[in-house]
Amino acid sequence: CGQLQPCAFLGRFMSGLGLGFAFVVEPSYVCEIAPPSLRGTFIVLNEFAVCAGYLLGLHITTAMKLRHVPWRTAVILCACPPLLQLLVLPFLPESPRWLAIQGDSAGFKQSASALGLTQNEIDVLNLQIQHEVSRKAPEGSRGLWQSLDTHFKAWGTHSRAIFISMGFVSFTTASGIYGMQAYAPAVLRLCGVNEPAKWQPLVGWMKLGGAFVAVVGSDASCLGRRRLSVACAIGCCLCQLLIALHVSAAGTVSVMASSLAFFLFIFFWNAGYGGLQFVVTMELLPNEVRSTWAGQIYAWCGILDVLIYQFFLSLINASGTATFLVFGFINLSSAMFAACFLPELRGRSLEEASAQIAQRPSQPGPNSKQRRYATLEEEAMDQLQDLRERPAAPSPHIVGSVDKEMANA
């Protein structure tokens, strides 16, 4: 057993490292290749798959435990999906937006054709390629200092996008979900359930149901990102208030109602927070810094997650009523934040979405118009708009040609 411990810790560390990379890379890649009308659905499908794997793993390990199957078998089964993904990866097209930033015109054409990009997206990204090629000519390839300069400029020009992304993901983490999931038996026992372990699998089903609602509703015209996040944040708030009321005054809320509130909280969180946090972050951040900024945001939220996880059990043991009231207030604040700041970008290309978030009115005047902040994609959008608005050049006219033709007629 002593020889096995270092190997097991190393394996857990490597799997956690891989999950950390996938946490940012997969939603970013899906966001950049998905069609605008289905971008939210495709990104949330990643979270739906996570919930399905959570539920499947829970049932498989429970069955193995009952039949006394060695734990190594479960670990081997967990290695099968990553192996399948590794075999399929060479056949996936590269992100056309990443190729445009690299100035790879040939690779971009091949990727855009394989993914079926719209003509408007192709025109904008072709202008980005021209910009990148012209920049590389005097400056050389993109190095560390150029990359830092790009991030510094983008930070100043896209402050609103980073504010909304950071705020929404912070509210997602601070909602209390990770503590309530990790200590689900303790929360159910606080709600009055005598044998909480029997109800543990229902957490997985609630997660899967909520993720399914997010898949269906994120791109639906009747819901969309903002309405779904606001409604589900209010639902999470009400569920935590019911639990707080049950803890503070026994008998005011029944055991069934408080337990149902716990499971509905899991459902609402996965419907309005779980997958939508990736949708909001990835489609708001500009192409050049999307993955890097998303990594910074999720690193901060990982620290917040660890703090909540470490102190959650101590908080509910000290005062369950105050704990759930605080988390309820956080979810109410999240609903207000989403209602006030979260834009509805359903059906827009990533370049249009970035330009919409970054725009601001110019100085008032008779000929004033809104001017977008200048990063690569906004400059490309401006150039494309200028080309479309430019009047067509008049056809050449030779003096006397018309008179000669009339005379011949």
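The values are calculated or read from the model by the stated rules, or taken from the named source; none is laboratory data. Predicted, not measured: the structure shown is a model, and the values here were computed from it. With ideal geometry, Cβ positions are generated from the backbone for all residues, glycine too; neighbour counts draw on all protein chains shown. Accessible surface is based on the protein model in full, side chains and every heavy atom, while ligands, DNA and RNA are left aside. Shrake-Rupley method; radii C 1.70, N 1.55, O 1.52, S 1.80 Å.
Hey, any idea what % of segment 172-323's accessible area is carbon plus sulfur with a 1.4 Å probe? Result for segment 172-323: 70 percent of the exposed heavy-atom area is carbon or sulfur. Entry comment: accessible area of segment 170-276 is 38 Å² per residue, from protein heavy atoms only and a probe of 1.4 Å.
Using a probe of 1.4 Å, the accessible surface attributed to Leu115 totals some 50 Å² when neighbouring protein chains are kept in position. Please report how far the C-alpha centroid of segment 238-282 lies from that of segment 327-355, rounded to the nearest whole angstrom. Segment 238-282 and segment 327-355 have Cα centres spaced 21 Å from each other. Summing Cβ point charges (Lys, Arg +1; Asp, Glu -1) relative to the Cα centre of segment 1-128 gives a dipole of roughly 680 debye.
Here the extension length gained between Leu83 and Ala182 equals 32.9 nm, from 0.36 nm per residue of separation less the Cα-Cα distance. Counted by Cβ distance under 13 Å from Ala271, the other residues give a net charge of +2, where Lys and Arg count +1 and Asp and Glu count -1. With protein chains left intact and a 1.4 Å probe, residues in segment 57-102 average 78 Å² of accessible area per residue. Note on Leu17/Ser159: beta-carbon distance plugged into 1/(1 + (r/R0)^6) with R0 of 35 Å gives a FRET efficiency of 0.70. Taken along the Cα-to-beta-carbon direction at a fixed 7 Å, the label points for Trp300 and Lys198 span 4.5 nm.
For the residues His68, His59, His246, a 1.4 Å probe over the protein chains yields an accessible-area ranking, largest first, of His68, His59, His246.
Here each label is just a point 7 Å from Cα along the line to Cβ, and for Asn317 and Phe9 those points are 2.5 nm apart.
Taking a sphere under 12 Å around the Cβ of Leu345 and counting the other residues whose Cβ falls inside, with K and R at +1 and D and E at -1, yields a net charge of 0.
The local environment of Ala74, defined by Cβ-Cβ distances under 15 Å, has a net charge of +4 under the rule Lys, Arg +1 and Asp, Glu -1.
Taking Met282, Met64 and ordering them by how much accessible surface each has at a 1.4 Å probe, largest first, produces Met64, Met282.
Label sites at Leu58 and Val216, each approximated as a point 7 angstrom past Cα along Cα to Cβ, lie 2.0 nm apart.
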